[in-house]
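Notes follow once the structure below has been shown.
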Amino acid sequence: MEIKEMYFEIERRIRSVDFDRLWKGFREYPFAIYNDREVCLKGQLVPKTDEFIANTAIKYNDEWIAIFMVDGNENLDMMASKLIHEMFHAFQNSKLEGRQFNFPSELDVLMKYEYTPSNLAGKLYENRLLVSLIKDGFSQEKWEDLLISKRHRLEKHEYSYKYEAGIEETEGTANYVELKSLQQINEKMYKEKLEKMIKSLEKVESLIPIRIGLYDSGALLIKLLFDQGIDFNQDFSGVPFSLSILDGLAFKEVSYPEDKDLEKFIEGHYQDLDELIDRISKNPPTIEGSFELLGFNAYNAKYHRAYVYTTYFLAYIDGGEDKFLYGDFLFELDEGRIVRIYRDE
């Protein structure tokens, strides 16, 4: 399908959605879809520039817009819901402008998040409790067990839990809005997406990279809060909801059962990274020097042995100029700066 025709088909679906039913104060934002050559914005074609990278919300001509890369073969109902997801990021960003928040950088998180059995066993336990609360019906006992575990990890793994809370606040809420918009657009696809989210969170594979699973755990936790009428702050002006629901809750020690499958999964993750790094870094680097990191695909990036692996793109600053590389890359860091870049052919 041609990109302009696709734009108007998506727009028609978005216009059918009642935004008031999705989130308090949320409204439709302008959107653009793009490919390697051109952008369709507000129904008009313009050449693609480096501003259009990834699927996100950007400030363009002094207004927030949602953007999404397409190849012309996407399901249009799903695309409409995903663009509403990105519109929600525009909504979040418009509310956050001018405020200072202390969310850690994605690079810091890659290096510091605790991919340890003690932390991930707790997160997996919480994911499975959450799934049970959604699938089997609300239970006050399970809800309290979920909160107690979260409070335990906040105490024992503060950095990691606070990162999770930040991503569940931003991406979990956007994924929830995507889910609920899909319910209005295509009920069958909504049910399929919900079932996929539930099944995913029950598995250890949802834990690494942790960021991916947080989209679903955040969305399902928000769904539970709405379904049960549990009050939380919806205006993104305060503490993330995964922290605020713990207010006033006393710390209790929690012991998680030993999970050999989880331990093997973590070991396998680092073995796979060793093999990936060794395979790519044995070849001559594409670029060498000392560069400031500008951006990478944080969604599924991986860090090990001072190397970061990123898919789709890498951006850095060279001599004051922003540089964008498209593809999959391994880059080596030294004191926070890129010193070598390898293309994964």
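The values are calculated or read from the model by the stated rules, or taken from the named source; none is laboratory data. As the structure is a computational prediction, the values presented were derived from the model and not from experiment. Cβ atoms come from the backbone with ideal geometry, glycine included; neighbour counts cover every protein chain shown.
Based on this model, can you work out whether residue 88 counts as of a type outside the set (Lys, Arg), outside the structural domain of residue 236 (by TED's automatic domain parsing), part of a helix (DSSP H, G or I) and farther than 27 Å from residue 167 by Cα? When the stated conditions are applied, residue 88 does not pass them. Annotation note: of 275, 288, 258, the sole residue that is acidic (Asp, Glu) and not assigned by TED's automatic domain parsing to the domain that holds residue 331 is 258. Considering segment 188-221, the residues that are over 16 Å from residue 129 (Cα atoms) and within 14 Å of the chain's Cα centre (by Cα) include one that is surrounded by the most Cβ atoms within 10 Å (Cβ to Cβ), namely 215.
Flag: residue 109 matches the condition of being surrounded by 15 or more Cβ atoms within 10 Å (Cβ to Cβ) and within 17 Å of the chain's Cα centre (by Cα).
Highlighted here are the strands (runs of 3 or more DSSP E) found entirely within segment 263-342 that include at least 1 residues which are farther than 24 Å from residue 120 by Cβ and modelled with pLDDT of 95 or more: 287-296, 313-318, 321-326, 329-334.
Here segment 112-148 is the region considered, the condition is being basic (Lys, Arg) and more than 15 Å from residue 242 (Cβ to Cβ), and the residue that is surrounded by the fewest Cβ atoms within 10 Å (Cβ to Cβ) is 135. Filtering segment 240-297 to residues that are free of Cβ contacts under 8 Å to residues at least 40 places away in the same chain, within 17 Å of residue 308 (Cα to Cα) and among the polar types (S, T, N, Q) leaves only 271. Note on segment 57-83: residues that are surrounded by 17 or more Cβ atoms within 10 Å (Cβ to Cβ), of a type in the set (S, T, N, Q) and under 20 Å from residue 96 (Cα atoms) amount to 0. Going by the conditions given, is residue 87 touching a strand residue (DSSP E or B) at 6+ places or on another chain (Cβ under 7 Å), modelled with pLDDT of 95 or more, surrounded by fewer than 17 Cβ atoms within 10 Å (Cβ to Cβ) and at negative phi? No; evaluated as a whole, the condition is false for this residue.
The residues listed here are 162, 150, 180, 142; of these, the one that is free of Cβ contacts under 8 Å to residues at least 24 places away in the same chain and either part of a helix (DSSP H, G or I) or not assigned by TED's automatic domain parsing to the domain that holds residue 17 (or both) is 142.
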